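A short write-up of the structure that comes next.
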Amino acid sequence: MYQVEAKNRLQSSIFHPLLREWHSGNLQITPVNLMYPIFILNSPDEKNEIISMPGVYRYGINHLEEMLKPLVAKGLKSVLLFGVIDDDLKNTFGTNADSNDNPIIKALPLLRKWFPDLVIACDVCLCPYTNHGHCGILYDDGTINNKESINRIAEIAVSYAKAGAHIVAPSDMMDGRIGAIKKALDNVNLTNKVSVLSYAVKFASGFYGPFRDASKSSPKFGDRKCYQLPPGSNGLASRAAARDVAEGADMLMVKPGLAYLDILRKTKDTYPDYPLFIYQVSGEYAMIYHAAKNNAINLKDVLLEILTSMKRAGADCIITYFTPYILDMLIPKSKY
Ligand code: PB1
């Protein structure tokens, strides 16, 4: 029987109106171009503010509906889910990541029921669930076992797909995980129902500190420089994007944002046929927040300026913790 090549399967990019909109190009900053990252705790009734990211909270499942309802009413179109579990639930394989008591697995069917039009992306990685805090499976010597890692990442992606994710977004940066995920989705006949948003061009950045605090996902030893791109690597950035396109990614991402707008532009120019996401990461959020808090900048003006720079540099969608604030900014105010 004729096998359609992964990158020629277009249905996974068009099964939802929002995906179709992303593929249709949209030059204004509207809710369509925003994706809101949300931290979900394994304790259902807990809610706590993230010290390193003032104004950003971790939510137990029982807080999600009440938190999201007003944002969806203001036009929120998509969210990106991150699980946060207690250390005693972590192990070397990140077993909790796709277990029945994983906060993402539990939240997905509820979010789909409460907000049928909300597009739900799930970050797929091992670092929030491993006791070593790395994004993959390790050999005994502490180095990355790439083959095992991509199999495990693909397993987790399928679990989130089965639980109701519209999009799986692997942030692990393992070589070949996009192809592994696409094949795994194909094996369970979900290729045309779940989109793969690849963190294709992701750098080993100093801007991730607050997130690692938020999701308790710092590496227990070493760092992530053996699997995240060196900040100066133009060539590796191009090769990473080319690799993930060839393996069937439906959408691409550059991360972090502000310090990598040249890479964003180059990626968009090279792959104009792919929706391109940019992640305004936790360190960028904290930097802007504290500058505004200390009256060094006007939050609304500078945030709008930064968002505009990201759109100008080619971003189709901006992943930002400022989403609630921006939704309020976008609500047309009566002039009189
Ligand atoms: O906001 C952020 O800083 C995002 C951090 C990001 C989440 N996808 C990763 C960066 C890191 O901690 O290395 C998590 C990696 N899975």
Task: Residues within the range 167-190 that are assigned to a loop (DSSP other than H, G, I, E, B), open to solvent by less than 10 Å² (accessible area, probe 1.4 Å) and away from the ligand (no atom under 13 Å from the Cβ), tallied - done: 0
Task: Ala259, sole failed condition from (1) farther than 15 Å from Trp22 by Cβ; (2) not in a helix (DSSP H, G or I) - done: (2)
Open item on the list: Condition (residue is among the aromatic types (Phe, Trp, Tyr) and either open to solvent by 40 Å² or more (accessible area, probe 1.4 Å) or in a helix (DSSP H, G or I) (or both)) applied to the range 316-333: is it met by at least one residue?
Closed with: yes
TODO: Return the pairs, sorted by first residue and then second, in which the second residue is surrounded by 24 or more Cβ atoms within 10 Å (Cβ to Cβ) and of a type in the set (D, E, K, R), the first residue lies in the range 122-136 and is part of a loop (DSSP other than H, G, I, E, B), the beta carbons are less than 7 Å apart, and the residues are 6+ apart or on different chains.
DONE: Cys125/Asp172; Leu126/Arg152; Leu126/Asp172; Cys135/Asp172; Gly136/Asp172
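When you go through Pro256, Pro272 one by one, which is the residue that is at pLDDT 95 or above and buried (at least 16 other Cβ atoms within 10 Å of the Cβ)? Outline the logic, then answer.
Numbers: Pro272 fails: buried (at least 16 other Cβ atoms within 10 Å of the Cβ).
Sole residue among the options that is at pLDDT 95 or above and buried (at least 16 other Cβ atoms within 10 Å of the Cβ): Pro256.
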- [ ] Quick one: Tyr139 ticks every box in (1) within 16 Å of the ligand (Cβ to nearest atom); (2) open to solvent by 40 Å² or more (accessible area, probe 1.4 Å); (3) without any contact (Cβ under 8 Å) to a residue 60 or more places away in the chain except a single one, so which number is it?
- [x] (1)
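Yes or no, residue by residue, for (1) outside any helix (DSSP H, G or I); (2) at pLDDT 95 or above; (3) touching a Pro at 6+ places or on another chain (Cβ under 9 Å):
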| position | (1), (2), (3) |
| --- | --- |
| Leu68 | no, yes, no |
| Leu71 | no, yes, yes |
| Leu76 | yes, yes, yes |
| Val79 | yes, yes, yes |
| Lys106 | no, yes, yes |
| Leu111 | no, yes, no |
| Asp117 | yes, yes, yes |
Open item on the list: Against the conditions (1) within 15 Å of the ligand (Cβ to nearest atom); (2) open to solvent by less than 30 Å² (accessible area, probe 1.4 Å); (3) closer than 24 Å to Val79 by Cα, where does Tyr289 fall short? Just the number, please.
Closed with: (2)
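Based on what the data block shows, is Asn96 polar (S, T, N, Q) and not in a strand (DSSP E or B)? Explain how you work it out, then say what you get.
On the way: polar (S, T, N, Q): yes; not in a strand (DSSP E or B): yes.
Yes, satisfied.
Looking at Asp101, Asp88 in this structure, which one is part of a helix (DSSP H, G or I), open to solvent by 60 Å² or more (accessible area, probe 1.4 Å) and of a type in the set (Asp, Glu)? Walk me through how you get there before you give the answer.
Values: Asp101 fails: part of a helix (DSSP H, G or I).
Of Asp101, Asp88, the one residue that is part of a helix (DSSP H, G or I), open to solvent by 60 Å² or more (accessible area, probe 1.4 Å) and of a type in the set (Asp, Glu) is Asp88.
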Task: Selection from the range 191-220 of residues that are among the polar types (S, T, N, Q), touching a strand residue (DSSP E or B) at 6+ places or on another chain (Cβ under 9 Å) and within 13 Å of the ligand (Cβ to nearest atom) - done: Ser198, Ser205, Ser215, Ser217
Task: Failed criterion for Ala241 (all others in (1) hydrophobic (A, V, I, L, M, F, W, C); (2) in contact with a strand residue (DSSP E or B) (Cβ under 8 Å, 6 or more places away or on another chain); (3) in a loop (DSSP other than H, G, I, E, B) hold) - done: (3)
Open item on the list: Here are the criteria: (1) within 24 Å of Val196 (Cα to Cα); (2) open to solvent by less than 30 Å² (accessible area, probe 1.4 Å). Tell me which single one Pro54 does not satisfy.
Closed with: (1)
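The values are calculated or read from the model by the stated rules, or taken from the named source; none is laboratory data. The shown structure was predicted, so the numbers you read here are calculated from the model rather than taken from an experiment. We place every Cβ from the backbone using ideal geometry, glycine too, and count neighbours over all the protein chains shown. Accessible surface areas use protein heavy atoms only, side chains included; no ligands, DNA or RNA. Shrake-Rupley method; radii C 1.70, N 1.55, O 1.52, S 1.80 Å.
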